[in-house]
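Some notes on the structure that comes next.
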Amino acid sequence: MIKRTKIGILLTLAIGICAIASAEVVDRIVAVVNNEIITLSDLKKTTLPYRQNIDASQNSSAKKQELIQTLERDVLEQLIDRSLSSQEAVKYNIEVSKEDVDSAIHNFMTTNKMNPEELEAALAGDGLTLKDYQSNMKKEILQSRLISRAVRSQVIITDADIKTYYDSHGDAFTGVKKYHLRNILMKNEADLATIEPKIGNRVSFEQLAKEHSIASNAADGGDLGVFDINNFSEEIKISLQALGKGDHTPVLYVGQGYQILFVEDIFMEGNKTLDQARDQIENILYKEQAEKRFKEWIESLKTHAHIKIML
């Protein structure tokens with residue numbers, strides 16, 4: 001009996017050791033950051049959506065493996081940075097409440113016009129749960145607050161910086177050219193051709209539209225509204241591009257008959273002056289500089305931290 005008991009114990013221990021060995025294969029430590037660890041399961045969970053894209057690609061097996069290895073190295077560096085950030089946040093007494101996380105998620109759903117069920121479905125597609133998302137959101141808020149606290153005093157945006165950015169990114173602030181148009185629509189091309197010479201000759205286009213147009217907007221003087229002409233057919237677009245305010249197109253064929261388009265006004269919608277764009281530019285420059293300073297700060301933390309990578 002004693003011998004059998006010993007054998008039973010030995011077998012139990014052996015099974016336990018095998019189980020532990022098996023668990024170590026499934027999950028293991030891939031990095032140590034001071035007194036915190038990052039596990040393989042942490043890394044796999046973070047990289048899952050990207051690995052799914054790689055797996056679904058047309059690359060060869062060898063190329064896929066290469067891409068995954070690069071991905072895991074890059075993401076591990078991000079997890080190390082996040083771990084350092086979390087440790088520093090404790091020193092700065094920075095906290096993120098459940099209400100902060102819930103508010104951020106609510107804002108995300110509102111911006112993207114999603115309900116909770118749609119959010120959870122989207123997360124599931126990336127292999128994440130709502131709990132995972134809440135955890136990630138908390139870390140992002142924490143890092144954002146840490147950036148603000150740690151590097152805010154080092155970021156200085158001058159008026160000269162703002163003007164330089166405005167001058168070098170002119171297209172971003174010029175807006176979109178819009179045309180305010182009127183039209184006269186008639187069934188017969190010849191009848192419309194007899195009206196064309198009258199445009200601007202003692203009779204306004206608006207009045208001519210009221211008297212002759214068969215379109216539903218005739219009572220409004222042929223008012224069509226404001227348009228980005230890039231949404232029109234190529235023929236109409238070419239006809240309008242050469243016109244200025246107060247000009248009109250020749251007779252154009254449309255499905256309902258023939259029309260003349262009149263340019264009531266041309267203006268830039270969304271156009272911003274330097275003063276109007278100042279706050280927007282300042283936010284852009286602040287973000288750029290803050291991220292740069294934060295990366296430099298993280299690198300300085302790494303030089304004084306105990307970091308061991310075992311990937």
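We did not get these values from a lab; they are worked out from the coordinates using the rules stated. All figures in this text were calculated on a predicted structure; none of them were measured in a lab. Cβ placement follows ideal geometry from the backbone for every residue including glycine, while neighbour counts extend to all protein chains displayed.
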message = Helix-only estimate, please: 222 nm mean residue ellipticity of the chain, summing -39500 (n - 2.57) across DSSP H runs of length 4 or more and dividing by its residues, to the nearest 500.
response = -19500 deg cm²/dmol
key: the chain: antiparallel DSSP beta bridges as a percent of all, rounded to 5   = 95
inquiry  = Shape verdict for the range 134-207, please, from the Cα gyration tensor: rounded (a/c under 1.5), prolate (a/b greater than b/c) or oblate.
reply    = prolate
task = May I ask for the angle, rounded to the nearest 10°, between helix 274-304 and the longest principal axis of the chain, with both axes built from Cα atoms and the value confined to 0 to 90°?
result = 10
request  = Starting from the Cα of K198, draw a straight line to each of the lysines and keep only those under 16 Å, dropping any in the same chain fewer than 8 residues away.
outcome  = K210
query = What is the extension gain from T129 to N112, computed as 0.36 nm multiplied by their sequence separation minus the C-alpha to C-alpha distance, in nm to one decimal?
reply = 4.3 nm
task = Taking a cut-off of 23 Å between Cα atoms, list the lysines near K292, but don't count ones fewer than 8 places away on the same chain.
result = K91, K138, K139, K163, K302
task = Starting from the Cα of T174, step 7 Å along the direction of its Cβ; do the same at K64; then give the gap between the two resulting points in nm.
result = 4.6
Inter-part distance where the range 96-158 and the range 24-90 are each reduced to a Cα centre, Å = 20
ask   = What net charge do the residues around V96 carry, taking every other residue with its C-beta under 12 Å from that of V96, with Lys and Arg at +1 and Asp and Glu at -1?
value = -1
ask   = Can you tell which of V263, I307, I236 lies farthest toward the positive end of the dipole of the chain, using +1 and -1 charges on the Cβ of basic and acidic side chains (Lys, Arg; Asp, Glu)?
value = I307
message = Just to be sure I understand the curve: with the Debye formula and one point per C-alpha of the chain, what is log10 I(q)/I(0) at q = 0.11, 0.13, 0.15 Å⁻¹?
response = -0.94, -1.07, -1.22
inquiry  = For a Förster distance of 25 Å, can you work out the FRET efficiency between the beta-carbons of R28 and Q52, rounded to the nearest 0.05?
reply    = 0.65
message = Restricting to bridges with both residues inside the range 176-269, how much of the DSSP beta-bridge set is antiparallel, in percent to the nearest 5?
response = 95
query = Over what distance in Å are the Cα centres of the range 171-210 and the range 226-263 separated?
reply = 8
query = Remind me, relative contact order of the chain in percent, using alpha carbon pairs under 8 angstrom and six or more residues apart?
reply = 22
Label zone at V203 (point 7 Å along Cα-to-Cβ), backbone N below 15 Å, the range 235-278 = 260
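Which whole-number percent is the relative contact order of the range 176-269 (Cα, under 8 Å, 6+ apart)?
44
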query = How far is helix 159-168 tilted off the main Cα axis of the chain, in degrees rounded to 10, range 0 to 90?
reply = 70
request  = With +1 on each Lys and Arg Cβ and -1 on each Asp and Glu Cβ, and nothing else charged, work out how big the dipole of the chain is about its Cα centre, in Debye to the nearest 20.
outcome  = 1740
key: Helix 116-125 axis, angle to the chain major axis (alpha carbon atoms, nearest 10°)   = 60
